[in-house]
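Before any comments, here is the structure.
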Amino acid sequence: MLYVGLDLSRKRLDWHALAADGGLVGEGASPPDRDGLEHLAREVQREHGGPVLAAIESMTGARFVHDQLELAGWDVRIADAQRAKGIAPLACKTDRIDAWVLAELARRDLVPEIWLPGPEVRGERERARFRIHLVHKRTSLKNRVHAILFQHGLRAPVDDLFGVGGRRFLQRCALPEPWRSNVAASLYLIDVFEEQIETMERDLRRLGAEHRYLQLLMTAPGIGWVLGYTIAAEIGDVGRFATPAKLISYTGLCPRVRQSGQVDRRGALSKHGPPYLRWALIEAAHNAVRCYPPYRALSERQRARLGKQRGGSVAAITIARKLAEASWWMLTRDQPFAPAGARVPLTA
């Protein structure tokens, strides 16, 4: 077996190959494109032959490298970057050293491997994530229009500045250049984003109708079909989480904990997990506060104890964790949401 560590950057892929006894077999760099990876696989096969176990840190582009080298016959494992640094902290860090460390972790069978979703789940995630990206861009443009009006002392007489009445008001506004042109360009781009978002939502609704998790997730308070599709796509296969706590930890909604002897320190959220899953659960938590009395009562208690702003944020995170736990139970038992304490028969 040949053990290869791969360190990816935008313009090159450093590699370091070790034999079973830890001896250096070869090292070098290759372009991280399709041709470069094919050449690397052929070169290693020609010079050394035999099976190859490779390790690469999780980052943008790592999955492309994984897929291409797997097609060439390699066994490629994607390592969690944070956990890999915890296993092998370095006093001196370069791309070549990182590649050597990953090769050594592969040789010692210590690669903190992450779960790699299949093409179907990747496609679901990309659809949901790109819709969120477009919504954020649309919101940014709307905020800019509001800011321009505020800068010029103008107040809209309607609640919806981008509806029919709001558009008429914007046309009548006597804004000087270049602000007038900027508002016109922003309105045009907002319309373009609206059209693209509506098209994507139609596709998501059509695809979500056949998703095995979506209908169950939508029974939970605060989770509509858009958030349900996002949560389902980000979770992937719920069977890889042995307990609800594992799924909650995966969301990154747990506080950092530092314990040593009698010292027990709790910090901010770890945020070690998919940011889109975390966003969807917190959005669902805010919705649930408005429509689900037990969660509304929890939010009111936190606001009374910690203040309106901080209490609301703490309550949203707490409810998001509860929704993640409820999602695990719903998906593993194949049962709809039930309030705490309700008697739900186990499936056969």
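The values are calculated or read from the model by the stated rules, or taken from the named source; none is laboratory data. Just so it is clear, the structure is predicted and the values come from calculations on it, not from any experiment. Note that we place each Cβ from the backbone using ideal geometry, even for glycine, and neighbour counts take in every protein chain shown. We work out accessible area using only protein heavy atoms, side chains counted, and drop any ligands, DNA or RNA first. Shrake-Rupley method; radii C 1.70, N 1.55, O 1.52, S 1.80 Å.
So which of V314, V257, V263 ends up being more than 26 Å from E126 (Cα to Cα), in contact with a helix residue (DSSP H, G or I) (Cβ under 6 Å, 6 or more places away or on another chain) and either β-branched (V, I, T) or touching a residue at least 60 places away in the same chain (Cβ under 8 Å) (or both)?
V314
Can you name every residue in the stretch 263-278 that is open to solvent by 50 Å² or more (accessible area, probe 1.4 Å) and closer than 21 Å to S58 by Cα?
Scanning the stretch 263-278 gives K271, H272, P275, Y276.
So R305 passes all but one of these: (1) open to solvent by less than 80 Å² (accessible area, probe 1.4 Å); (2) touching a helix residue (DSSP H, G or I) at 6+ places or on another chain (Cβ under 8 Å). Which condition number does it fail?
Of everything listed in (1) open to solvent by less than 80 Å² (accessible area, probe 1.4 Å); (2) touching a helix residue (DSSP H, G or I) at 6+ places or on another chain (Cβ under 8 Å), R305 misses just condition (1).
Being within 13 Å of V111 (Cβ to Cβ) and in contact with a Ser or Thr (Cβ under 6 Å, 6 or more places away or on another chain) is the filter here; which residues of the stretch 38-79 pass it?
Result: I78, single match.
How many residues, within the stretch 122-177, are farther than 28 Å from T199 by Cα, in contact with a helix residue (DSSP H, G or I) (Cβ under 6 Å, 6 or more places away or on another chain) and assigned to a loop (DSSP other than H, G, I, E, B)?
Residues flagged as farther than 28 Å from T199 by Cα, in contact with a helix residue (DSSP H, G or I) (Cβ under 6 Å, 6 or more places away or on another chain) and assigned to a loop (DSSP other than H, G, I, E, B) within the stretch 122-177 amount to 1.
Among all residue pairs at least 6 apart or on different chains, which show Cβ distances below 8 Å where the first residue, located in the stretch 27-41, is in contact (Cβ under 8 Å) with a residue 24 or more places away in the chain and the second is among the basic types (K, R) and in a helix (DSSP H, G or I)?
The qualifying pairs are E27/R96.
Test Q82 against the criterion of being polar (S, T, N, Q), open to solvent by 80 Å² or more (accessible area, probe 1.4 Å) and within 25 Å of S249 (Cα to Cα), and give yes or no.
yes
In the stretch 73-97, how many residues are modelled with pLDDT of 85 or more, part of a loop (DSSP other than H, G, I, E, B) and of a type in the set (A, V, I, L, M, F, W, C)?
Within the stretch 73-97, residues that are modelled with pLDDT of 85 or more, part of a loop (DSSP other than H, G, I, E, B) and of a type in the set (A, V, I, L, M, F, W, C) number 1.
Restricting to the stretch 198-225, name every residue that is closer than 21 Å to R321 by Cβ and of a type in the set (V, I, T).
Across the stretch 198-225, the qualifying residues are T219, I223.
Here is a yes/no grid of residues against (1) under 24 Å from G208 (Cα atoms); (2) of a type outside the set (S, T, N, Q); (3) open to solvent by 90 Å² or more (accessible area, probe 1.4 Å); (4) in contact with a strand residue (DSSP E or B) (Cβ under 8 Å, 6 or more places away or on another chain):
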{"residue": "G123", "(1), (2), (3), (4)": "yes, yes, no, no"}
{"residue": "R129", "(1), (2), (3), (4)": "yes, yes, no, no"}
{"residue": "H136", "(1), (2), (3), (4)": "yes, yes, yes, no"}
{"residue": "A147", "(1), (2), (3), (4)": "no, yes, no, no"}
{"residue": "G153", "(1), (2), (3), (4)": "no, yes, no, no"}
{"residue": "V158", "(1), (2), (3), (4)": "no, yes, no, no"}
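Exactly one condition in (1) open to solvent by 60 Å² or more (accessible area, probe 1.4 Å); (2) not in a loop (DSSP other than H, G, I, E, B) is not met by T318; state its number.
(1) is the only condition that T318 fails.
Among helices (runs of 4 or more DSSP H) lying entirely in the stretch 185-278, which contain 1 or more residues that are modelled with pLDDT of 90 or more and more than 21 Å from T318 (Cα to Cα)?
214-217, 225-235
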